[in-house]
Structures are given as structure tokens and as C-alpha cells.
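The values are calculated or read from the model by the stated rules, or taken from the named source; none is laboratory data. In this text, all values refer to a predicted model and were calculated from it rather than measured experimentally. Note that each Cβ is placed from the backbone with ideal geometry, even for glycine, and that neighbours are counted across all protein chains shown. Surface areas here come from the heavy atoms of the whole protein model, side chains and all, with no ligands, DNA or RNA. Shrake-Rupley method; radii C 1.70, N 1.55, O 1.52, S 1.80 Å.
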Amino acid sequence: MRTQLSFAPLAGIKTELLAVLAADTQTSKEPDAEPKVVLLTSDKAVKAAAATVLRSGEFKAGANETLLLHAPEGLGATRLLIVGLGKQSKATVHLVRNAAGTAVRFAKPRGIRKLVFAPPEPTLLPPGPCVRASVEGAFVGDFDPDTYRSDRQDLSIDSFTVAVPEPKDKAALNAAFAEGVIVGESQNFARSLVNEPGNKLTPTIFGRRAAAMAAEVGLPCKVFSTDKLHELKMGAFWSVSQGSEEPPALIVMRYEPKGLAKNAGGPVLGLVGKGITFDTGGISIKPADKMELMKYDMAGGAAMVGAMRAIALLKPRVRVIGIVCAAENMPDGKAQKPGDVQTAMSGKTIEIINTDAEGRLVLADGLTYAKQLGATHLIDAATLTGAVVVALGTTNAGGFSNDDETYAKFEAALDTSGEKFWRLPLGEEYAEQIKSDIGDIKNTGGRYGGAITAAEFLKVFAEDTPWIHLDIAGLAWVEDSKPYIAKGPSGVAVRSILEWVRSY
Ligand code: BES
Ligand code: MN
Ligand code: ZN
């Protein structure tokens, strides 16, 4: 998708489709009050072209509601698409991001390859964030997961233009626009990895894809396997991969800001992702129903790879280490068994109760390794538990932390990313649930509070280092397509992790 920013007046733009936004300005509290729909542009010709249909009252401007006009009078565009933003008083940059995705997903199946999108004008919402979000939303909307269909028609948009009134500070808008491209492409890169089935994306191939991306953006990246796991004594990580014919991959990416002296001190951020390329459950095997979805069990790892891509291109002034622990969780003659005791890299011993609680095992060693490499702050992302989906559904992902200050920075990042994470508690009482009789801890804590006991397990390995854990099991895969995003991998957490990193 080619993208550009235009300061030309909307009416004169020649394009296949011009998309503008509309909102409901009705403030009356009465339930049956009719919506008062207004277009969020000051372009007189666009307003005139839409006046009749808006007066009809057929279009309510609900969020992502669409209305198409052909041959709109007085416009250079051959079609005018009106996308609803909902109540004007509740308008946000995040709704604009979705609206841009909606416009793109409206265009795609209709064979429309070029479109122009006009975000709301600066009087309603800040222009920089709107421009950035519009581009991000367009990339999100442009992604479809039908990679392996032999009758696949590539309906991707050729050209997406964001059109805004000529600003005083063009440089600022150009920068916001360029950021949106990087972020949108990085999120889609993560999604393309998550979309791959287990046979096409083994840990080894995951490593190769990460290394190829890293080489493209000038990021040092090393991919290790079995020997390195043994050398580092990563007994927890290895225990997951030992039941698979596919060797594990330990992916290590490093970002060093230019001009920051080697001995300058300051924070080093460690990003650790769960990269289970397929989770059968192992000997504690999963039921067949929906097991095919367990190809997305590497979404946390993909989020880290996507975030590292964006970091390499946006160049924040902070050191970052990105680690992905990739393995396949399989039952086999060599697979680990319930009751086995594993010694993690940190020296802690783990009693395996359920081989399906494998994510925390690979992450345990990933967190220890990040610390060994010098990380002063840790963040991990993982499709870790079904329990977090029971707790928060598919609206909010779970967030956990051992440090309020660090988590506050993450919450602030959510304002920019627009992603939803809900912080869940940790505590001694939960930690009790994972004490083991035979070793230091066990890898499951019983039926209750499963997302929290999983986080408590990871906390043992984060130790005193400020740490955030993101459980994205409920959001990494979109189960029902929405107007602005296809069913399939979401790329959740890429944007939030990136903004958190940039806040240092
Ligand atoms: N990968 C799963 C968690 C998961 C479930 C992700 C649903 C996405 C959707 C994880 O490895 C797992 O199997 N967790 C177990 C833990 C249990 C055995 C303590 C679970 O949630 O059932
Ligand atoms: Mn599992
Ligand atoms: Zn898993």
C-alpha cells in the first residue's frame, strides 16, 4: 500500500473514493431523540454533496456505519463514502483509527484500489495523532489472512492518501504521518507471522523471518538453538522443546541508539515474547476442538519482533533488547511429563504439573536471560492463559506488574496506542498457590485465578527488576471480523509496547 499525505482541498481531489467522517451531535438525553448528523469537514462542496442524504435521516453516524454516494456533485472523487464516528462528544483519535480501517475494508471487496481519507479537522481532534492513527488504521484494515487461498485475489489498496487542511507546521504532520506508516507496517508484520500455520512457521523459520526483518532495518539479531539453551542452562525453555522434532529458537535482537555512549548508563529495556509456534499441550494434550488456533501461540513473540522493527525505524533514545523464546509444544517419547522437575536458568526448580502450562516455562528463562544481558526493565507478552479470557473476555487484555511506576508508563502508552489492557492484581496469597512440595514452584496453581498465578510464576523470574506482563490470549486472534479489522491475527500489543519503549 502506497501512502501519502495531502494538503489539497477535498473537493478538487480526483480519486476513486473520498472518505469523510460524520458524527452525531445530538446531546439530548431523551432515548428517542433523533441523531443530528454532521460531516466532520469544513469543505463546502463535500457538505453540499452529502446534504440531501444526511437530511433524510437514514444515516445515523454510528461508529463505523458507512454510506456510499456515487458521482457526488461538485467533487473530483467518483465516490463519496461517509463513515460514522458515533457521538461527536465522545469522538477520539482511536475511533478515527478504526474509521480509516473501515474505509479501507469498505473499498477492498469492491475493487476500489485508491482512496483518500479525511480525518476530522483540528477543531475537533489534534491533527498529528489523527493523521498517524488514520495511517495505522488503514494498514490494519488492509490486512487479510487469506494467504494460502489458491483463488486469492490481491485486493490490497494501491494508494491511501490522508487529506488534511494545510497546517502551519507541515513538518509535524509529515512526521506523524511517517510514524503511522512505520507503526502500521510493523503491526502487520507481526500479524503476518501470527497468521502462519505451525507447519509453515516452525521455531527455526520464525528465527529466520525475524533475522531477515532485522537485517532489513539494520538491527543486530542472533538466532540460537538447542546448544545455546544447554550452554545457558535454560532447563525450563528446553523442557518445552524437548518433545518436538523441531529445534527451539532463541531470537535475540538488540537496539542501540546512535550517539549514546556505551557506558552512558540509563535504562535497558528487555522485551520478552512467548513464541510457541504450535501448542498441542504436550503430554497434557489439549482437546481437538479449536486446537488449530494454537498456531497463534507465538503472538507475544511476534509482537516483540514487530515492536523491534518499529523501534529500529523510529530510533528512540533508549537501549532495547528483544528476546523471543520459540518452541513447539508436542507430545512425544522424549516429551516432558507431569511430575518432572526442571531447573530453570535462574537455578529455581520447577515441578511440572501440566505440560500445557508451557508458556511460563519458556518465558521464565527468557526473562532471566534478558536480565543477564543487562535489562533494567522487563516487559513480556504472551498468549499465556485461557483464564485471562474468562476474566476479561476479548475486550481487554491482561496487564500485571511488580512496579507501579513502570506500569504507569505503560498505562500512559495506552493513551497513544488505543489498545485496551486491564491491570489485574498480584499478591502473596496467589503466590502460595504455586508452591511445590518437591521443588521451588510448580507450573500451575489450580483452577482459580489462573491468569494471576501464571503471572506470579513469571514474577519469580523477574525478581526485583521492574517488570510488566501482558497476557494477550483473548485479543491476539480476532474471532469475528469487524468493519475495520479482518478475522484473524490482530497484532495486539505491538503499538503499546512501542509507545512504552518510547516513553523512556
Ligand atoms: N496457549 C495456551 C493459552 C491460550 C488459551 C491461548 C486460549 C490462547 C487461547 C497456554 O499455553 C495454555 O495452555 N494454558 C493453560 C494453562 C493451564 C494448563 C494452567 C490454560 O489456560 O488452560
Ligand atoms: Mn499450553
Ligand atoms: Zn501455550
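Considering the range 14-35, and only residues there that are touching a Lys or Arg at 6+ places or on another chain (Cβ under 8 Å) and over 15 Å from Lys114 (Cα atoms), the residue that is least open to solvent (accessible area, probe 1.4 Å) turns out to be Ala23. Take the conditions in the same structural domain as Met291 (by TED's automatic domain parsing) and away from ligand 3 (no atom under 16 Å from the Cβ) and apply them to Val324. Does it pass? No, not satisfied.
Working carefully through the options Ala412, Ala451, find the one that is surrounded by fewer than 18 Cβ atoms within 10 Å (Cβ to Cβ) and either among the hydrophobic types (A, V, I, L, M, F, W, C) or outside the structural domain of Met304 (by TED's automatic domain parsing) (or both). Break it down stepwise before answering.
Numbers: Ala451 fails: surrounded by fewer than 18 Cβ atoms within 10 Å (Cβ to Cβ).
Answer to the check: Ala412.
Number of residues in the range 421-444 that are within 16 Å of ligand 3 (Cβ to nearest atom) and out of contact with any strand residue (DSSP E or B) (no Cβ under 9 Å at 6 or more places or on another chain): the value is 1.
From the list Gly128, Gly141, Gly137, the lone residue that is out of contact with any Lys or Arg (no Cβ under 8 Å at 6 or more places or on another chain), open to solvent by less than 50 Å² (accessible area, probe 1.4 Å) and not hydroxyl-bearing (Ser, Thr, Tyr) is Gly128.
Quick grid of which residues meet (1) open to solvent by 30 Å² or more (accessible area, probe 1.4 Å); (2) closer than 27 Å to Asp464 by Cα:
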site: Gly300; (1), (2): no, yes
site: Met308; (1), (2): no, yes
site: Lys315; (1), (2): yes, no
site: Val320; (1), (2): no, yes
site: Asp332; (1), (2): yes, no
site: Gly339; (1), (2): yes, no
site: Glu351; (1), (2): yes, yes
site: Gly359; (1), (2): no, yes
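Cβ-Cβ distances below 6 Å connect the following pairs, each with a first residue in the range 245-271 that is basic (Lys, Arg), a second residue that is part of a strand (DSSP E or B) and surrounded by 10 or more Cβ atoms within 10 Å (Cβ to Cβ), and a separation of six or more residues or different chains: Arg254/Ile321.
Quick check on Ile251: is it closer than 25 Å to Leu475 by Cα and more than 13 Å from ligand 2 (Cβ to nearest atom)? Criteria met by Ile251.
Of the residues Leu384, Leu392, which is more than 16 Å from ligand 2 (Cβ to nearest atom), surrounded by 15 or more Cβ atoms within 10 Å (Cβ to Cβ) and within 23 Å of Gly474 (Cα to Cα)? Quick ask: steps written out before the conclusion?
Details: Leu384 fails: more than 16 Å from ligand 2 (Cβ to nearest atom).
Selected residue: Leu392, the only one of Leu384, Leu392 that is more than 16 Å from ligand 2 (Cβ to nearest atom), surrounded by 15 or more Cβ atoms within 10 Å (Cβ to Cβ) and within 23 Å of Gly474 (Cα to Cα).
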